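K.L.:
Quick one: this structure, given as C-alpha cells, is what I'll be asking you about.
The values are calculated or read from the model by the stated rules, or taken from the named source; none is laboratory data. The shown structure was predicted, so the numbers you read here are calculated from the model rather than taken from an experiment. Methodologically, a virtual Cβ is constructed for each residue, glycine included, from the backbone with ideal geometry; neighbour enumeration extends over all protein chains shown.
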Amino acid sequence: MHRAVCPGSFDPVTYGHLDIVGRAARLFDQVTVAVLVNESKSGLFTVPERIDMLSQAVADLDNVEVVSFRGLLVDFCKEHDIAVIVKGLRAVSDFDHELQMAQMNSSLAAVETVFVPTSPQWSFLASSLVKEVARLGGDVGDLVPSYVVDRLKQRLAE
C-alpha cells in the first residue's frame, strides 16, 4: 500500500489545500491529512475545529483521513508507516523553503517528498490571505467551502 501525508496548519482549509489533497488521493492508496499542533502559534481556529472542517471537505474521498500531530513530521511518518510527504507549491518562493524541508526530512528518516504544483486557479491562495480578506469584510466564498465562510464570519464576529 502506498501511503502519503499532506501536512499543514489548515487555518482555515482553502480550495488550494483541497486541490492538493484531492490530487494526492488519486496518486496514493491512502492519504492522511495531518494538522500540525503548534503550541507556539495561536490560530484563528482550534485544531479540533480545523479537523472538523477538513473532515467535511474530504468526506467524499474514501482513502483520505484527517488527524492531528505534534512534533516532527518524520516521526509521525515513521509511527504511521508513511513513506511520502506531499507538498503543494504555489510559486518559486515556496520551492526554496520546501526543498530545504524535504532535504532535512530525508536526512532524518526514509521519507520522500513529492511536490505537486498548485492548479493555476489557486496559485495565489493562502489561508493568511483568506483570513485577512474576511477580517476586512471581503467575500471569500470562492476561496473556501461555504461552511468555512460561515465559521469565519462567526469567529470574526466574536
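K.L.:
Taking the range 19-46 on its own, how many of its residues are modelled with pLDDT of 95 or more, closer than 20 Å to LEU73 by Cβ and outside any loop (DSSP other than H, G, I, E, B)?
P.N.:
Selection size over the range 19-46: 12.
K.L.:
Every residue in the range 38-72 that is of a type outside the set (A, V, I, L, M), within 15 Å of SER127 (Cα to Cα) and in contact (Cβ under 8 Å) with a residue 60 or more places away in the chain, please.
P.N.:
Matches in the range 38-72: PHE45, GLU49.
K.L.:
Right, next: In the range 98-134, which residue that is among the polar types (S, T, N, Q), more than 25 Å from VAL148 (Cβ to Cβ) and surrounded by 14 or more Cβ atoms within 10 Å (Cβ to Cβ) is modelled with the highest pLDDT? Quick ask: steps written out before the conclusion?
P.N.:
Filtering the range 98-134 down to residues among the polar types (S, T, N, Q) leaves 100, 103, 105-107, 113, 118-119, 121, 123, 127-128.
Retained after the next criterion (residues that are more than 25 Å from VAL148 (Cβ to Cβ)): 100, 103, 105-107, 113.
Going one step further and asking which of them are surrounded by 14 or more Cβ atoms within 10 Å (Cβ to Cβ), we end up with 105-106, 113.
On the way: ASN105: 94, SER106: 94, THR113: 97.
By that ranking, first place goes to THR113.
K.L.:
Considering only the range 21-50, state which residues are among the hydrophobic types (A, V, I, L, M, F, W, C) and surrounded by fewer than 18 Cβ atoms within 10 Å (Cβ to Cβ).
P.N.:
Taking the range 21-50 and keeping what is among the hydrophobic types (A, V, I, L, M, F, W, C), we get 21, 24-25, 27-28, 31, 33-37, 44-45, 47.
Result: LEU27, VAL37.
K.L.:
Mind listing just one residue for me: the one in the range 5-20 that is among the hydrophobic types (A, V, I, L, M, F, W, C) and buried (at least 22 other Cβ atoms within 10 Å of the Cβ) and, of those, farthest from LYS131 (Cα to Cα)?
P.N.:
Step one: of the range 5-20, the residues among the hydrophobic types (A, V, I, L, M, F, W, C) are 5-6, 10, 13, 18, 20.
Okay, now just the ones that are also buried (at least 22 other Cβ atoms within 10 Å of the Cβ), so 5-6, 10, 13, 20.
On the way: VAL5: 25, CYS6: 21, PHE10: 11, VAL13: 11, ILE20: 20 Å.
Looking at residues that are among the hydrophobic types (A, V, I, L, M, F, W, C) and buried (at least 22 other Cβ atoms within 10 Å of the Cβ), I get VAL5.
K.L.:
Taking the conditions exactly as written (within 25 Å of LYS41 (Cα to Cα), touching a residue at least 60 places away in the same chain (Cβ under 8 Å) and out of contact with any Lys or Arg (no Cβ under 9 Å at 6 or more places or on another chain)), does LEU108 satisfy them or not? So that I can check it myself, show each step before the final result.
P.N.:
On the way: within 25 Å of LYS41 (Cα to Cα): yes; touching a residue at least 60 places away in the same chain (Cβ under 8 Å): no; out of contact with any Lys or Arg (no Cβ under 9 Å at 6 or more places or on another chain): yes.
Answer is no for this residue.
K.L.:
Can you confirm whether PHE76 is in contact with a helix residue (DSSP H, G or I) (Cβ under 6 Å, 6 or more places away or on another chain), of a type outside the set (A, V, I, L, M), surrounded by 14 or more Cβ atoms within 10 Å (Cβ to Cβ) and farther than 23 Å from PRO145 by Cα? Explain how you work it out, then say what you get.
P.N.:
On the way: in contact with a helix residue (DSSP H, G or I) (Cβ under 6 Å, 6 or more places away or on another chain): no; of a type outside the set (A, V, I, L, M): yes; surrounded by 14 or more Cβ atoms within 10 Å (Cβ to Cβ): yes; farther than 23 Å from PRO145 by Cα: yes.
Spelling it out, it is not the case that PHE76 is in contact with a helix residue (DSSP H, G or I) (Cβ under 6 Å, 6 or more places away or on another chain), of a type outside the set (A, V, I, L, M), surrounded by 14 or more Cβ atoms within 10 Å (Cβ to Cβ) and farther than 23 Å from PRO145 by Cα.
K.L.:
Of all residues in the range 33-74 being farther than 22 Å from GLN103 by Cα and among the charged types (D, E, K, R), which is nearest to the chain's Cα centre (by Cα)?
P.N.:
Filtering the range 33-74 for residues that are farther than 22 Å from GLN103 by Cα and among the charged types (D, E, K, R), the one nearest to the chain's Cα centre (by Cα) comes out as ARG50.
K.L.:
Being in contact with a helix residue (DSSP H, G or I) (Cβ under 8 Å, 6 or more places away or on another chain) and either in contact (Cβ under 8 Å) with a residue 60 or more places away in the chain or closer than 25 Å to VAL92 by Cβ (or both) is the filter here; which residues of the range 128-141 pass it?
P.N.:
Result: VAL130, LYS131.
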